[in-house]
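Peer 1: Structure incoming, see below.
The values are calculated or read from the model by the stated rules, or taken from the named source; none is laboratory data. Nothing here was measured: the structure is a model prediction, and the numbers come from that model. Using ideal geometry, Cβ is built from the backbone for each residue, glycine included, and neighbour counts are taken over all protein chains shown. Heads up: the accessible areas ignore ligands, DNA and RNA and are worked out on the full protein's heavy atoms, side chains in. Shrake-Rupley method; radii C 1.70, N 1.55, O 1.52, S 1.80 Å.
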Amino acid sequence: MAPSHVLRCCQRGLAWIPVIFIALVVCWSYYAYVVQLCISTITGIAEQIVYLTFFHLSFVMFVWSYWKTIFTKPANPSKEFCLPKAEKERYEKEERPESQQEILWRAASNLPLYTRTGAGAIRYCDRCQVVKPDRCHHCSACDMCVLKMDHHCPWVNNCVGFSNYKFFILFLAYSLVYCLFIAATVLQYFIKFWTNELNDTQAKFHVLFLFFVAAMFCISILSLFSYHLWLVGKNRSTIEAFRAPVFRTGSDKNGFSLGFRKNIAQVFGDQKKYWLLPVFTSQGDGLTFPTRLVSADAEQAAVPVHPEPSKSVTDVPVSPLSESQNRLLNNEQHVVNAEDVPADHPPKSAESETFTVSMESWS
């Protein structure tokens, strides 16, 4: 036990090396820009004030969003997704996968789940012993299930998911602004030092390397930032971009897409005044998500739906919608008859009709 514990501690310590490296680079860039460039090299007072003002503004927002991305704990599934003690013991004793799935189907009958495994089974984490909510995945580095997991980022030594995805996007945005501002304002002095128009001082070394480092980070961050903006517009995570989520009707890479504006609101929230601030404003609870096509499911709780006037149905079995789903589906949902509902879990009552609640997707 002791060697494994020591090894685990060493791994956790080594995981902070990329973060420490970034912190050292940022501290050096602050010293090189403020002291060596603005104070020692630039002679104009007005230019110094303008440069220092915009530099500190971008620096504060960059550090703030980076800090929130690192130290915001990933959100985990709630207790309702854990198997009851009796069911957990039965699950562990069962050796047949079919019997284990029967236990999971009963446990998940009252949970708002729309995604399945590739084989159509309930998504269950043996490590955390929880039924996985939609878009939830187990992170081997953090050794936990993370809600709406995007990826594990070594540069922040944290899992990027539902609780800090907005912070991660802002971290990329402000780091790009920080590097672009440095590269743009340092360029003229970089040329002057390179052409020997300025005297060789200690500032020359810092200014030359400051431009190279800022330009290098600009190129690398720009591609990553552009990719994640595309993911936000499509309402996908990095995992879903490589492997489309599987619903009861099959895999659908656009299953969670609600249209461009609503996709952005899922991450940044409804109030635009908070979009650029690293404060949590994402919609929902991370456990349930509105989908492009919400199909009725007989194994979940029956919720009364008012059909069209021509229908005489009182109770229609549909999956329970979260508060965020009801808000997004408001004034845009309509009920249509579904004749191709999967037969693997038919409705319990033959007299009730099954309907599909679909939302109009627009971009």
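Peer 1: Heavy-atom accessible area of Trp67 with all protein chains present, probe 1.4 Å, nearest 10 Å²?
Peer 2: Surface open to solvent at Trp67 totals about 150 Å².
Peer 1: Please list, in chain and number order, the residues 5+ apart from Ser163 or on another chain whose amide H is under 5 Å from its amide H, with Hs placed from the backbone.
Peer 2: Ala75
Peer 1: Roughly what would the spin-label model give for Leu7 and Ala241, points 7 Å off Cα along C-beta, in nm?
Peer 2: Distance between the two pseudo-spin positions: 3.4 nm.
Peer 1: Protein chains only, probe 1.4 Å: how do Cys82, Cys38 rank by accessible area, largest first?
Peer 2: Values: Cys82 55, Cys38 0 Å².
Putting Cys82, Cys38 in descending order of accessible area: Cys82, Cys38.
Peer 1: Same structure again: Take the Cα of Thr249, step 7 Å along the line toward its Cβ, and report every residue of region 106-139 whose backbone nitrogen sits under 14 Å from that point.
Peer 2: Only 114-115 fall inside the zone, counting backbone N under 14 Å.
Peer 1: A follow-up question, please. Enumerate the calculated ³J(HN,Hα) couplings along region 265-275 in order (Karplus 6.51 cos²θ - 1.76 cosθ + 1.60, θ = phi - 60°), each rounded to whole Hz, writing x wherever the residue is Gly or Pro.
Peer 2: 5, 4, 8, 9, x, 7, 8, 5, 5, 9, 4
Peer 1: Can you give the extra length, in nm with one decimal, that the chain gains between Ala15 and Ser226 once fully stretched, where that is 0.36 nm per residue apart less the Cα-Cα distance? Don't skip to the answer; put the middle values down first.
Peer 2: Working: separation 211, 0.36 × 211 = 75.96 nm, distance 2.60 nm.
Extra length available between Ala15 and Ser226 comes to 73.4 nm.
Peer 1: Next question, about the same structure. Counting other Cβ atoms within 10 Å of each Cβ, which chymotrypsin sites (Phe, Trp or Tyr not before Pro) in region 1-54 have at most 14 and sit in a DSSP loop? Please report the intermediate quantities before stating the final value.
Peer 2: On the way: sites: Trp16, Phe21, Trp28, Tyr30, Tyr31, Tyr33, Tyr51, Phe54; in loops: Trp16.
Taking region 1-54 and a limit of 14 other Cβ atoms within 10 Å, the loop chymotrypsin sites (Phe, Trp or Tyr not before Pro) found are Trp16.
Peer 1: Just how much of Ser220 is accessible, in Å², when a 1.4 Å probe is used and the result is rounded to the nearest 10?
Peer 2: 60
Peer 1: Can you give me the solvent accessible area of Met216 with a 1.4 Å probe, rounded to the nearest 10 Å²?
Peer 2: Result for Met216: roughly 110 Å² accessible.
Peer 1: Within region 61-207, what whole-number % of the accessible surface is contributed by carbon and sulfur, with the 1.4 Å probe and all protein chains included in the calculation?
Peer 2: On the way: 3920 of 7000 Å².
Percent of accessible area from carbon and sulfur atoms in region 61-207: 56.
Peer 1: Still on this model: Around Arg116, which amide H atoms from residues at least 5 apart in sequence, or from another chain, sit under 5 Å from its own amide H, with H modelled in the peptide plane?
Peer 2: Long-range HN contacts for Arg116: Val246, Phe247.
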